[in-house]
Amino acid sequence: MSVKAIGTYKFPSRDREEIFGDNIITYFSWEQHLLFAAPFLLFTPRDVTFGQLIEDRVKPLLVSDPQAGEIDWNGVEWLNGDKPFAPDFAATLEANGIGHKDHIRMITLFPSALFPKP
């Protein structure tokens with residue numbers, strides 16, 4: 001996620017990539033879903049696969065939503081920032097083009113009656 005500053009930083013950012021060693025920050029959001037108003041910040045090992053990210057990190061965060069069990073994971077539309085992508089669940093985040101502080105967005109078919117896909 002890019003930052004728009006009103007001035008010049010006179011110090012190094014405290015969330016720059018080299019500080020995190022073998023980990024990266026990944027943002028994740030379920031688009032157009034009101035129970036989760038902001039992206040989750042996930043502290044993620046670099047070598048984790050996309051499938052592990054979803055199974056081990058994302059699904060446990062979504063279980064509080066009554067619709068979480070209805071997600072058709074094969075029908076999800078994925079974006080990295082504003083760019084659509086088709087993740088390889090067996091490949092690492094890096095192999096999927098996901099880097100430090102990237103925003104992974106998940107779009108499902110519901111609640112399409114109230115909130116059409118962007």
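The values are calculated or read from the model by the stated rules, or taken from the named source; none is laboratory data. As the structure is a prediction and not an experimental result, all values here were calculated from the model. So basically every Cβ, Gly included, is an ideal-geometry build from the backbone, and we count neighbours across all protein chains shown. Only protein heavy atoms, including side chains, enter the accessible area calculation; ligands, DNA and RNA are left aside. Shrake-Rupley method; radii C 1.70, N 1.55, O 1.52, S 1.80 Å.
Taking only the alpha-carbon atoms of the chain, what semi-axes of the equivalent ellipsoid follow from 5 times the gyration tensor eigenvalues under a square root, in whole Å, largest first?
Numbers: eigenvalues 138, 66, 33 Å².
After scaling each eigenvalue by five and taking roots: 26, 18, 13 Å.
Tell me the per residue accessible area of the chain using a 1.4 Å probe; a whole number in Å² is fine. Let's see the in-between values first.
Details: 7560 Å² over 118 residues.
Accessible surface, normalised per residue, equals 64 Å².
How far apart, in nm, are the 7 Å Cα→Cβ label points at GLU31 and ARG57?
So the label points at GLU31 and ARG57 sit 2.0 nm apart.
Roughly speaking, what is the stretch gain from PHE85 to TRP73, that is 0.36 nm per residue apart minus the C-alpha to C-alpha distance, in nm to one decimal? Before the final figure, lay out each step's value.
Values: separation 12, 0.36 × 12 = 4.32 nm, distance 1.42 nm.
Extra length from PHE85 to TRP73 when fully extended: 2.9 nm.
So if I place +1 on the C-beta of Lys and Arg and -1 on the C-beta of Asp and Glu, and nothing else carries charge, what would the dipole magnitude of the stretch 9-94 be about its Cα centre? I want it in debye, nearest 20.
Details: 7 positive and 15 negative charges, 82 e Å.
My answer is approximately 400 debye.
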